[in-house]
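Novice: I'd like to ask some things about the structure below.
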Amino acid sequence: MDNSIKPIVKWVGGKRQIIYEIKKYIPNPDEYSTYYEPFVGGGAVLFDIKPKKSVINDINEELINLYKVVKEKPDQLIETLKQHKNQEEYYYTIRELDRDKERYESLTDLERAARIHFLNKTCFNGMFRVNSSGEFNVPFGRYKNPDIINKKTIKAVSKFLNKRHVKIKNCDFEEAVKGIRKEAFVYFDPPYDPISDSSSFTGYDKSGFDREQQKRLKKLCDKLNKRGVRFLLSNSSTNFIRDLYKDYKIEPVMAKRAINSKADKRGEVEEVLVRNYD
């Protein structure tokens, strides 16, 4: 399979640099029927293991729209991206489009996908962050030559999404695994429990992801466990998470986190991998 199959977008909490740790615990593709990823984000794990059949989901509507357009209209997306420019004034004009709801809703799926891809490639630190109104609010990144068009990756990912039977959903994480069968395998990579009050990052989606949501996810894991469905989950190594999942196997892993608004908070941090199987 093509090595060009890799994340299209840079995503907060992306798993590319600890993928080798995660892969230690993911069953062999022949040992499960369908791979589920209810918080797909940038898709680093999906694109690395390349399962034969999968169901991916994210609550972030813009991200999922981008995946659908990449799958269905890769050439048109590439042509549309050629119209975008790496200029600060232009960047803010494109970023502000979601402030005018009526105008924004008149954009086609293709235009919206190109917009979010362009913003991700040219915004500061490749963050995806929205405010409480769901408006993109990351400043301009000032990069000299960002790969706005990303042609090779878009084409490779489009081919993969079509050939490998990838079903794309945009719903709540519980809804994403409805109808799951015992032979399936689930990888959960939710927004992390913050390691400190100042590190809280809940800007993936306007609804956020607090500790009540973390508890709801744990209950879902318990349901899957009772049904004999194997799951692997990533999260931060906080006392809250370790206590929440104390009935399962917990493996600590060290991860370098480059995406942080405060430079002194970047560096190696301990995360955990939680699983319900040997």
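Novice: Taking into account only those residues within region 1-38 that are in contact with a Ser or Thr (Cβ under 9 Å, 6 or more places away or on another chain) and assigned to a loop (DSSP other than H, G, I, E, B), which is nearest to Phe128 (Cα to Cα)?
Specialist: We begin by selecting, within region 1-38, every residue in contact with a Ser or Thr (Cβ under 9 Å, 6 or more places away or on another chain); these are 4-8, 13, 15, 18, 22, 34-37.
Restricting the remaining residues to those that are assigned to a loop (DSSP other than H, G, I, E, B) gives 4-8, 13, 15, 34.
Numbers: Ser4: 22, Ile5: 21, Lys6: 18, Pro7: 14, Ile8: 13, Gly13: 11, Lys15: 15, Thr34: 28 Å.
If we take residues in region 1-38 being in contact with a Ser or Thr (Cβ under 9 Å, 6 or more places away or on another chain) and assigned to a loop (DSSP other than H, G, I, E, B), then Gly13 is nearest to Phe128 (Cα to Cα).
Novice: Within region 150-179, can you find the residues that are in a loop (DSSP other than H, G, I, E, B) and either touching an Asp or Glu at 6+ places or on another chain (Cβ under 6 Å) or surrounded by fewer than 19 Cβ atoms within 10 Å (Cβ to Cβ) (or both)?
Specialist: If we filter region 150-179 for residues that are in a loop (DSSP other than H, G, I, E, B), which is where we start, we get 150, 164-165, 170-172, 177-179.
Within region 150-179, Arg164, His165, Asn170, Cys171, Asp172, Lys178, Gly179 meet the criteria.
Novice: Only residues that are in contact with a Ser or Thr (Cβ under 7 Å, 6 or more places away or on another chain) and over 19 Å from Phe173 (Cβ atoms): list them for region 54-72, please.
Specialist: Val70, Lys71, listed by residue number.
Novice: Further question on the same structure: Quick check, is Lys24 within 30 Å of Gly228 (Cα to Cα) and basic (Lys, Arg)?
Specialist: Yes; evaluated as a whole, the condition is true for this residue.
Novice: Same structure, new question: I need a count of the residues in region 99-135 that are assigned to a loop (DSSP other than H, G, I, E, B), within 14 Å of Leu63 (Cβ to Cβ) and of a type outside the set (Phe, Trp, Tyr). Full working, then the answer.
Specialist: To start, the set of residues in region 99-135 that are assigned to a loop (DSSP other than H, G, I, E, B) comprises 100, 106-108, 127-129, 131-135.
Adding the requirement that they be within 14 Å of Leu63 (Cβ to Cβ) leaves 127-129, 134.
If we keep only those that are of a type outside the set (Phe, Trp, Tyr) as well, we get 127, 129, 134.
Counting residues in region 99-135 that are assigned to a loop (DSSP other than H, G, I, E, B), within 14 Å of Leu63 (Cβ to Cβ) and of a type outside the set (Phe, Trp, Tyr) gives 3.
Novice: Among the residues of region 57-72, which ones are polar (S, T, N, Q) and either surrounded by 22 or more Cβ atoms within 10 Å (Cβ to Cβ) or not in a helix (DSSP H, G or I) (or both)?
Specialist: Passing the criteria: Asn57, Asn60.
Novice: Now, a different point. Quick one: Lys178 ticks every box in (1) out of contact with any helix residue (DSSP H, G or I) (no Cβ under 8 Å at 6 or more places or on another chain); (2) within 24 Å of Leu273 (Cβ to Cβ); (3) modelled with pLDDT of 95 or more except a single one, so which number is it?
Specialist: Exception for Lys178: condition (2).
Novice: Is it the case, given these coordinates, that Phe47 is among the hydrophobic types (A, V, I, L, M, F, W, C), surrounded by 15 or more Cβ atoms within 10 Å (Cβ to Cβ), touching an Asp or Glu at 6+ places or on another chain (Cβ under 8 Å) and at pLDDT 95 or above?
Specialist: no
Novice: Where residues in region 73-98 are touching a Ser or Thr at 6+ places or on another chain (Cβ under 8 Å) and part of a helix (DSSP H, G or I), which of them is nearest to Ser158 (Cα to Cα)?
Specialist: Among those that are touching a Ser or Thr at 6+ places or on another chain (Cβ under 8 Å) and part of a helix (DSSP H, G or I), it is Pro74.
Novice: Applying the selection to region 136-147, what residues are in a loop (DSSP other than H, G, I, E, B) and among the hydrophobic types (A, V, I, L, M, F, W, C)?
Specialist: Listed by number, the list holds a single entry, Val138.
The values are calculated or read from the model by the stated rules, or taken from the named source; none is laboratory data. None of the values given here were measured: they were computed from a predicted structure. Cβ: placed from backbone, ideal geometry, glycine included. Neighbour counts: every protein chain shown.
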